[in-house]
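The structure under discussion appears below in the form of structure tokens.
Computed from the coordinates by the stated procedures, all read-outs in this text should not be read as laboratory data. What you are looking at is a predicted structure, and each value in this text was computed from that prediction instead of being measured. Methodologically, a virtual Cβ is constructed for each residue, glycine included, from the backbone with ideal geometry; neighbour enumeration extends over all protein chains shown.
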Amino acid sequence: MRSFPVRLVAPGFLLALGLSACGESESACRDLSEAPFCVALLTAGPVSDAGWYAGAYEGLLQIEQRWGAQISHQQTRTASEYDEAFLAYGTEGYDLVFAHGSEYQDAAIRAGERFPETTFIVSGGGRIADNVVPLIFTLENGSYLAGMAAGGMTESGVVGMVGGVRIPPAEGVFLAFEAGVKAVRPDAEVLETWIGTWDDVAAAKEAVTSHISRGADVVVHNTDGASFGVFNAVREAADAGDPTWAIGMNRDQNDIAPEVTLGSAVIRIEDAFVEITEAWRDSEIGGAAYYAGGESEVVDFVANPAVMDRIPADLLARIDSMRTAIRSGDFDPPRVPFIEGEEGYEETGAGAGGG
Amino acid sequence: MIRARWWGPFFAIGLALAVTSVALALGGYDVPQALGALWRGAFGSEQAIASFTLKRSVPLLLTGLAVALAFRAGIWNIGAEGQLYAGAVAGFTVGFVGGGLPAAVVIPAMLAASLVAGAAWAAFPTVMKLRGGTNEVITTLLLNFVAIHLTAWLIDGPLQEPQGVYNETAPLPESATLGTLWPGTDLHVGFALAVALAVVLWVVFRFTRVGFLIRAVGEGPEAARIAGRVDSGRLSAGVFLASGALAGLAGAVHVAGVDLALYPGLSQGWGYTAIAVALLARLNPLAVIATAIFFGAIQAGGTSMQRVAGVPLAWVNVIEAITVIGVLIAARGRSRSGGDAGAPEAA
Amino acid sequence: MTDREVRAAVRIRGLRRTFGSVVALDDARLEVRAGEVHALVGENGAGKTTLLSVLAGHLRPDAGEVEVDGASVFGAGRARGWSTRDAWNRGVGMVHQHFALVPRLTGEENLSLGVRRARSGWALPTDWVRERVHRIRAETGLEVDLSRQVEALSIGERQRLEIVKVLLRDPRILVLDEPTAVLAPSEVEGLLTLLRRLAGEGRAVLLVAHKLDEVLRVADRITVLRNGRTVLEADRAAVTARSVAEAMVGDAEALDAPQRTTVEPGEVRARWLGRTDGVDLELRAGEIVGIAGVEGNGQRELARALAGRETAAGPGGSGGAPGRIHLPDRVAYVPQDRGREGLIGSFDLAENVALGHHADPDVRGGPGGAFLRWNALVARTREMIHTFGIRTSGSRATAASLSGGNQQRLVVARELHGSPELVVAENPTRGLDVAGARFVHDQLHRLRRAKHAPAIVLVSTDLDEVLALSDRVFTIVRGRLTEVPEAERTREGVGARMLEAGEGRAARAGEGTS
């Protein structure tokens, strides 16, 4: 053990000591810039994904543009980096920290206690504190409208729903969808299948095919990567002379299979970020979940422009008026509660276990 | 023979910095700002040193010791990653179930469970190696994937948080979490435990009979058996299991000290980085402390580059790798120079 | 060779090379002429290997002149640029002590590997090799088996293959480093004859060796190195075995063999009954039992079993019950392969002493004896360095830094420490120089006469050694022990009994690998 690399390590430490002596102490981010406030974003994946994370990053850039805010982004690798990231931003005096994913929620609660001056916004989170705000995208609002479209377009009266993992938020989306279908066509039969993963294309395709064989002529999904299987199955059925519609979810999927897609229930994440930042500047948030999409265009149903001529005008009008009713707060589509403090939420765990 | 000069390490660090600067400049980033962030994120403040660098070094240190122990005995345990997962799951489960008990009971129970689980995860490769002669590199490596996926399944299934919404477990009860070592920072007592274990392992290697025999079996298995009359099979089995136990401990310490709940993909590949940590330290437990902190610093500094200089994670990963390679080159220069290859101190 | 016309194939003058503070070569001279067999002799550590390394282009000397084939390759005006490649190109072909053959490949494939020729494209130039080997055989009588895998060949066969590999390049200067060290007596003769024939073709043959009788039989001229200096350069006719040995050792007295004394065998120290060959082995205190045999006849397993190192299935391998073996507590074992089985090269001397001694209560300390008392071990090591005359920089030097002879001294010192009741020595003088071998033999004698003498087993392939030292002699052939009666204990008598050994080995080789 004469091989102890003292000579290798010692200079590094000396260097470290020397430099830390002249290193500057922690500095508030606002002291370094003229910015009115500082905003940070944490993502668990790359912002080049053209989806969930890209939308968040787009939102961050829009906040920078609109208010001239100082912005920063960190992609975390594992849970071990959550606390570190919050600590870094909190110490540097960031005012608003977006943690884009429910995985951050426990660390965000800890950070909230530690940095009372900072507001932490957790996308899809379920835990609440004075300065820790879950940002909930009420996809139910869009999916209710999509359900109405499905109810209006079905000829057989059978509508299919293919979901990924059976968790409360996803169940809520289907609950609202089903309600939308029945609002237009009360006698409709609604099929429901959960494939157990978000990304299994083959399983999704198989589920959709089975729905079609049972008479469904409109199929909605709530999956991630597996959605390609849904569109594939619907297109194949249509090609085989069995007219069938697909409905996209989460983002505008109207151009994946334009000839058979009725429309998509979408979340506009960047709009939600701007909206909640505005609410934060007006000191309107804190102590409760923030539902984005209730009264704005964050969540919407976008009918497919390529097939607009095949959708009856009165159906579109009905959807439009319902959209107005939802945005004005006159109507709330049903949802499955999963956020603490939410009406109907049970501390011991509603629907524990999942599919 | 190349003689290592006193400036060798500075040269290596300088080289790494130069290459890193070029890489950053090519990527279009503000080089001074990024390098400043690299530094300050690792050592720039009390928080950076304790909450970032030292905290990050804990799993690297424990797995690094696990690898150093095994490699010393000539056992190529590539499975620290999987053993860490096994220890994390076992430690978490004990902590979660026994959360109502006082910390003085729960914490030792968690750590003990992780030791057992880590050793259990190494047991199959141990038996395969000693009975069937199956190469442990393959078995331990494959078991890593099993451990990672099994953990993901458990978190998605039996261990999922009670609401069944999120892909994580419920948080550990307060009594099952490790206390703070450095007040005002996130550095938990696991760091002290890891450093203490490093010292213990160093004493074992340097002064004890069993430590001597482990080194003998590693350096000259035939001579140990023939001249030393060492039962190398038994000794190897013990070392293999102990190595797994140490890596398992890393998992429980990490969960109880940092994550406070189980998440899928809980490790950043520490069990693999540990191999570099151990080799750079030339399998010397005391040196593993230094190399683990070095790797922790690089990761902390790299992460800081993201926040301050807007360097994306992909670039940060590249820069971390460049730095590590630079230091490995410097270390290699040293090992070629001394002519004392691995010769341990006796008296 | 007195023919003044022959050119000097190699001429080395005033060669000096140091490693740190150690002077390996200091004013070494060597002149090898075409058409002669030239022997370079010297004890281990005399500088032979260093000199060869310079000649082969591995090492650059500090000073001196080296000429190969009349051209200066090192010295005034040509300071660098002599590489292994240059050595090849100038016709220096070297057969190393450790063969550079790929065990899994056949002889033919191995020979093809070194051939740099595009004649067969990407395929191995096996046709060319076969043709060349055929010609070499015709010219030199050198027989090699091209079709079998190298791992199935005996040591002698491998060596011949190695020589053929070098001859394929048609070297003008053929250098062989200790070629006889690995060979059985019968194989040595063949090699020496071959060397003569190669020299007869006009090549210069440089033979590095330390077994004087072989050297004197084959060499035309002799160069003796001692402590890095050339102390003797002479024609064969001008020297005697005694004068060469004196030159090597530099101390005439060390050469005189000790007087053999008769010792009454003491109590039985070890017993091995019910051996499959029906021979019961009883080992008594104060008695040296010699076991002679050709390599690969089971003596290694026998030695290990007697040393308690292996729960032996009995020598000769598989069949039959191993019998009952009763061994004393303290068994010393001097294994044949000291570099691999006796010592750990990267460990220092004290750590190597600790191997085996780690069980000794005197060097254990702390709770439960879990700690080693390194101070005691270092003191013990220093004592061994002193009493056994181990040349080293100290107890902290690595075993790998010792010369072969000093390594063996260290092993012997460690094993004989305390008072072993049984000593098993397996080819204990293999690869040692005259003084080293003398030292080991002296130690065995000293032990035999000691007050609390152990029983001693000497397992050796060196017939002379067995005959010179043993009170009782056995031969081992294919795992079967036979006691040699007093009357037949001559080189010829025992040799005849070992003759069977040749068949034994052939049978073994035929099985492929063992």
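Assorted remarks:
- Net length gained if the chain between C:Glu189 and C:Arg382 were fully extended (0.36 nm per residue, minus Cα distance): 65.2 nm
- Here the contact order of chain A, divided by its residue count and restricted to Cα pairs under 8 Å and six or more residues apart, works out to 16 percent.
- Within straight-line cross-link reach of C:Lys165, lysines at Cα separation under 26 Å, skipping those fewer than 8 residues along the same chain: C:Lys48, C:Lys211
- Top of B:Asp231, B:Asp186, B:Asp156 by mean-square fluctuation, Gaussian network on chain B, Cα under 10 Å: B:Asp231
- Expressed as a fraction of 2.2 N^0.38 Å, the C-alpha radius of gyration for the range C:341-418 is 1.03.
- Note on chain A: with a GNM built from Cα contacts shorter than 10 Å, the maximum mean-square fluctuation among A:Ser80, A:Ser143, A:Ser210 falls on A:Ser80.
- C:Leu206 long-range amide H proximity, modeled H, under 5 Å: C:His38, C:Leu174, C:Val175, C:Leu176
- Under 5 Å, built H, 5+ apart or other chain: amide partners of C:Val334: C:Val424, C:Ala425, C:Glu426
- If you plug the beta carbon distance of B:Phe11 and B:Val200 into 1/(1 + (r/R0)^6) with R0 = 41 Å, you get a FRET efficiency near 0.75.
- With R₀ set to 56 Å, the beta-carbon distance separating A:Arg310 from B:Ala25 gives a calculated FRET efficiency near 0.50.
- Projected over every direction and averaged, the convex hull enclosing the alpha-carbon atoms of the protein assembly as shown yields 59.2 nm².
- Estimated FRET transfer efficiency (C:Asn89, C:Arg197; beta-carbon r; R0 22 Å; 0.05): 0.30
- Amide N proximity, the range C:8-41 versus C:Ala71 label position 7 Å along Cα-to-Cβ, cut-off under 19 Å: C:8-13, C:32-34
- With a simple spin-label model that places each label point 7 Å from the Cα along the Cα-to-Cβ direction, the separation between C:Ala370 and C:Arg104 comes to 4.4 nm.
- Computed from backbone phi with θ = phi - 60° and the Karplus coefficients 6.51, -1.76 and 1.60, the 3J(HN,Hα) list for the range C:438-451 is 4, 4, 5, 4, 4, 4, 5, 5, 4, 4, 4, 8, 5, 5 Hz; x is used for glycine and proline.
- Look at the dipole of the range B:30-310 built from charges on Cβ: of B:Val127, B:Ala170, B:Ala256, the Cα furthest out on the positive end belongs to B:Val127.
- With the simple model of a label 7 Å out from the Cα in the direction of the Cβ, B:Ala192 to B:Gln33 spans 4.1 nm.
- Placing a label point 7 Å from the Cα of C:Trp128 along the Cα-to-Cβ direction, the residues of the range C:136-162 whose backbone N falls under 17 Å of that point are C:136.
- Direction-averaged projected area, Cα convex hull, the range B:30-310: 15.9 nm², rounded to one decimal.
- Note on chain A: Cα convex hull, mean projected area over all directions, 23.4 nm².
- Among A:Phe37, A:Phe174, A:Phe98: highest mean-square fluctuation, GNM of chain A, C-alpha pairs under 10 Å: A:Phe37
- For B:Ala34, the shell of other residues with beta-carbons less than 14 Å away shows a net charge of 0, using +1 for Lys and Arg and -1 for Asp and Glu.
- Placed amide H near B:Leu262: partners under 5 Å, 5+ positions off or other chain: B:Thr169
- Taking label positions 7 Å along the Cα-Cβ direction at both A:Ala288 and C:Thr490, the computed distance is 11.9 nm, reported to one decimal.
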